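No value in this document is a laboratory result; all are computed from the given coordinates. Computed from a predicted structure; not experimentally measured. Cβ coordinates were reconstructed from backbone atoms using ideal geometry, including for glycine residues, and neighbour counts include every protein chain displayed.
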Amino acid sequence: MLETMQSAMISPTTAVDFQELADLALGGETLTREQARAVLGADAAQLDELLGATLRVRERFYGRRVKMCVLLNAQSGICPEDCHYCSQSKISRAPVDKYRLLSEDVMVERARQAAAAGARRFCMVIAARGPQQKDIDRLSAAAVRIKSDPVTCELEICTSLGIMSLEQCRQLKAAGVDYVNHNLNTSEAHYAKICTTHTYADRVATLNNVREAGLATCSGGIVGMGESDDDLIEMAFALRAMDIDSIPVNFLLAIDGTPLAGSPAVEPDRALKVLCLMRLLNPTKEVRASAGRERLGDKQVLALYAANSLFVDGYLTTPGDPHAQVRSWIEGAGFEVET
Ligand code: SF4
């Protein structure tokens with residue numbers, strides 16, 4: 001009740017000192033939920049101040065560096081799950097490629113291409129509820145080769161394979177995988193509205209296995225799936241509470257043939273505010289402007305006031321901007337691509 005009353009007292013035009021919020025973040029303190037609401041409620045006139053304060057936090061921990069990441073859809077279009085946003089789910093009618101896990105040679109070659117493109121992280125993703133043992137074996141073998149090849153040995157390797165046991169995570173760790181991605185996607189309360197074949201708790205359990213195996217955790221969300229501000233705030237606090245190392249923030253690409261087709265696009269200013277919230281709540285962590293950030297158009301550079309990382313050369317089933325073009329605007333805006 002108290003929360004509700006406080007919420008009602010804050011209007012979008014309530015004066016909020018975002019520099020004070022930045023000071024809290026820099027001091028290692030968390031925001032209150034009310035302050036988080038004020039971030040998402042910032043009006044157009046407050047946005048510059050919010051971005052400036054967030055940049056101060058970003059620069060403390062990441063300077064002007066930008067990490068470019070490349071995705072590989074290593075197994076496509078054959079997932080038995082029903083995530084409503086996903087073009088590769090069993091209920092999607094989107095015309096996507098369908099193939100089983102790529103060969104070790106292809107994965108290694110794609111890693112070499114990622115390194116040549118200037119990527120620091122190479123993320124191998126499969127469309128599946130979870131990996132089979134033979135998938136883990138092949139991905140592990142690919143990881144060993146990537147880490148021992150002079151061209152690719154400096155790449156950070158991430159895998160996104162769905163629900164995984166502790167044993168599976170340990171095998172990936174032993175092979176040289178650095179990160180495992182498994183997104184919370186939204187709040188626990190909203191989760192059943194976007195997926196019915198597994199639960200938010202399933203995802204948390206996998207992330208716990210990832211951490212216990214000694215791997216770095218990558219987990220974030222998708223904005224624009226009908227969630228409320230409070231859903232986004234709960235997700236952001238959950239990521240903080242779980243001490244997630246790398247936080248991709250996606251903006252829904254409402255793909256024809258999926259249940260979320262026709263959802264309104266996330267407004268650029270809202271996208272920026274969500275990124276700021278993630279940075280202020282997770283000041284030392286990697287925040288990554290991910291799928292859909294191209295829709296920010298000229299405002300993409302402002303995403304870097306909060307995010308220190310982004311993807312180049314496209315997403316799992318949708319195109320993105322080529323790495324040379326992205327590098328050009330990053331450098332033109334006074335940021336530097338991490339090498
Ligand atoms: S588990 Fe992954 S690949 Fe499968 S439907 Fe969900 S998001 Fe898509």
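Hull surface divided by four, with the convex hull built on the Cα atoms of the range 253-302: how many nm²? The partial results should precede the final answer.
Details: hull surface 16.2 nm².
About 4.1 nm², averaged over all directions.
Dipole orientation for the range 57-337: of the candidates SER187, SER263, VAL326, VAL326 has the Cα lying most toward the positive pole (charges on Cβ; Lys, Arg +1; Asp, Glu -1). Here the extension length gained between ALA116 and ARG64 equals 16.5 nm, from 0.36 nm per residue of separation less the Cα-Cα distance.
For the chain, what does the helix formula give at 222 nm: sum of -39500 (n - 2.57) over DSSP H segments with n ≥ 4, over the residue count, nearest 500 deg cm²/dmol? Intermediate results must be reported in sequence, preceding the final value.
Numbers: 13 runs with 141 residues, N = 339.
Calculated at 222 nm, the ellipticity per residue is -12500 deg cm²/dmol.
Averaging 1/r over each pair of different alpha-carbon atoms in the range 268-334 and inverting the result gives 12.2 Å, the Kirkwood hydrodynamic radius.
By how many nm would the segment from ASP23 to GLU267 grow when fully extended, if each residue of separation counts as 0.36 nm and the alpha-carbon distance is taken off?
Contour length minus the Cα-Cα distance gives 85.1 nm.
Mean separation of Cα pairs under 8 Å and 6 or more residues apart, divided by the residue count, gives the chain a relative contact order of 22 percent.
Spatially, the range 182-244 and the range 55-104 are offset by 15 Å when compared through their Cα centroids.
In plain terms, if you count all Cα to Cα distances in the range 136-203 and split them into 5 Å steps from zero, the share in each step is 3, 16, 24, 17, 13, 12, 9, 6, 2, 0 percent.
With q set to 0.07, 0.09, 0.11 Å⁻¹, the log10 of I(q)/I(0) for the chain, from the Debye formula over equal scatterers at the Cα positions, is -0.27, -0.45, -0.69.
Can you put LYS173, LYS90 in order, fewest other beta carbons within 10 Å first? Display every interim value, and only then the final one.
Details: LYS173 19, LYS90 12.
Sorted ascending by nearby Cβ count, the order is LYS90, LYS173.
Beta bridges per DSSP, both residues in the range 57-337: antiparallel share near 5 percent. Taken over the chain, lysine pairs spaced eight or more positions apart, or on distinct chains, with alpha carbons under 13 Å apart number 4.
Which order do peptides 175-183, 126-134 fall in by mean Cβ count within 10 Å, highest first?
Details: 175-183: 22.2, 126-134: 17.6.
Descending mean neighbour count gives 175-183, 126-134.
The phi torsions of the range 180-187, fed into the Karplus equation with coefficients 6.51, -1.76 and 1.60 and a -60° offset, translate into couplings of 10, 9, 7, 6, 5, 6, 7, 6 Hz, rounded to whole numbers, with Gly and Pro shown as x. Converting the Cα gyration tensor eigenvalues of the range 39-193 into ellipsoid dimensions via √(5λ) gives semi-axes, longest first, of 30, 24, 15 Å.
Given +1 at the Cβ of Lys and Arg, -1 at the Cβ of Asp and Glu and no other charges, the dipole of the chain around its Cα centre is 840 debye to the nearest 20.
State the answer as a single residue: which of SER290, ILE247, ALA175 lies farthest towards the positive end of the charge dipole of the chain, with beta carbon charges of +1 for Lys and Arg and -1 for Asp and Glu, about the Cα centre. Final value for the positive-end residue is ALA175. Residues whose amide H lies under 5 Å from that of GLY130, counting only those 5 or more places away or on a different chain, are ILE163; hydrogens are built 1.01 Å from N in the peptide plane.
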